[in-house]
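The values are calculated or read from the model by the stated rules, or taken from the named source; none is laboratory data. If you're wondering where the values come from, they're calculated on a predicted model, not measured in any experiment. Neighbour counts run over all protein chains shown; Cβ positions are idealised from the backbone, glycine included.
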Amino acid sequence: MDFRDELIALLPRLRRFAAGLCGELALADDLVQEACSRAIAHQHKWQPGTRLDSWMFRIIQNLHRDQLRAANVRNRHADETGWQAESAIDGAREMDSRTDLGIVQAGILQLPEDQRAVLLMVCVDGLSYRETADSLQIPVGTVMSRLSRARLRLHEILHGDDTPRTPPATETAR
Amino acid sequence: MVALDDTTLMAYVDGELDEQTARLVEAQLERNYEARATVAKYRETASVVRSAVLPYGHAPIPERLIDAIGAGRPHLPVRRFPTNGGWVRSLSAIAAGLLLLLVGGGGGFLAATYRFDAFEAELMAQRATVERYRHEAVQSALTTLVSGKAMDWTSEHAVQGRIVPIRTFKNRKGQYCREYRDELSREGAMSVQYGIACRHDDKVWRNTYVLVPSGPAALDGGMKGAL
């Protein structure tokens, strides 16, 4: 399969990863598009036979982190997280579950960027700790500590354990 | 004894522990309420994150993304329907499947190769007919079926197909577009591809994209990732 064909086949997963990182499909699409042009420009650096998905995840995560640093972008509100696109296809989705998913999405956005990437790679894309570590070029131990902190923090956010629930970053948007 | 610290419990939940360690952890979990609660936290968060993020992957892919990837190459990765690329590949896949059967039958490699060539030539001759059947099935299925329902078709050459609309959306031009699964089989050999066709003003569904998943393992499970 040609490199570009493989990229196209990966698009749904890349968009999902990017949307999980930035919380909004439209932003995710920009991110994925930029990542794909970079990948095509640096195609020679990718070794056929290794996992293209891991490589792309790293490019996307680096791009996103750079963007965050450069623009000091504030996370967008969960209300804007692409439900429009989703509801256009899946009209039958129930209101309740939509609200719940929105809370989870907002919770994920409250996590530090590095933890979020690891969380998405392991919990959504099913990469092993080792694959995640290789992809992000960090030690396995770092993957585990980030992943663990991300999940325990998310649990706190969702259940309001001891910590008072942090108001969503974009309350002002209403 | 294994220390039931947070990351060990998490690795247990994520299936990252070897069999023996996992069993040791399980044994200790039985009498450790606190550790069980932590395990539940890791389980729950994995599952809620999955369900919150997975829907993003089901949204229709904007054409600009595919265009951006396909730009600057002599031919797009995507085969428009009437061209023969994907179709020939499908037929070759079926022929290859039959080749295996022939070899297994004891015909010997040379005989099998010869018969393979002959068979492929025959298939090529039948291509136009089969393609017409498939085209009609796509038109009819996309026009009349709700997503998830299948339309089966059979050509006179024992080639069978099935078209299943998967999802409907509107593109930027306001046309209705449908993603569909396109199966083709002959004597037990099967190939699958996915297409997106949009309905034009003349009421004809024309394919915008056809994705042919690679590799035999892609037959079903791999496909979910393809679109």
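Exactly one residue among A:THR163, A:THR172 is at pLDDT below 90, loosely packed, with under 15 Cβ neighbours inside 10 Å and in a helix (DSSP H, G or I), and that residue is A:THR172.
Identification of strands (runs of 3 or more DSSP E) wholly contained in region B:131-211 with 3 or more residues that are in contact (Cβ under 8 Å) with a residue 12 or more places away in the chain and of a type in the set (Val, Ile, Thr) yields B:160-170. Taking region B:212-224 on its own, how many of its residues are touching a Phe, Trp or Tyr at 6+ places or on another chain (Cβ under 9 Å) and either in a loop (DSSP other than H, G, I, E, B) or modelled with pLDDT of 75 or more (or both)? Number satisfying all stated conditions: 2.
Being over 18 Å from A:GLN115 (Cβ atoms), of a type in the set (Gly, Ala, Ser) and in contact (Cβ under 8 Å) with a residue 12 or more places away in the chain holds for only one residue in A:ALA35, A:ALA9, A:ALA18, and it is A:ALA35. If you go through region A:1-27 and pick out every residue that is within 7 Å of chain B (Cβ to nearest Cβ) and part of a helix (DSSP H, G or I), you end up with 13.
Test A:ARG130 against the criterion of being closer than 15 Å to B:ALA11 by Cα, facing chain B (nearest Cβ under 9 Å) and at pLDDT 95 or above, and give yes or no. No; evaluated as a whole, the condition is false for this residue. Of the residues making up region A:134-148, those that are buried (at least 17 other Cβ atoms within 10 Å of the Cβ), more than 9 Å from every other protein chain (Cβ to nearest Cβ) and modelled with pLDDT of 95 or more are A:VAL143, A:ARG146. Of all residues in region B:150-178, those that are surrounded by fewer than 16 Cβ atoms within 10 Å (Cβ to Cβ) and touching a Cys at 6+ places or on another chain (Cβ under 6 Å) total 1. Let me spell it out: the conditions are (1) within 13 Å of the chain's Cα centre (by Cα); (2) part of a helix (DSSP H, G or I); (3) at pLDDT below 50, and A:ASN75 meets all of them except one. Which number is the exception? Looking at each condition in turn, A:ASN75 falls short on (2).
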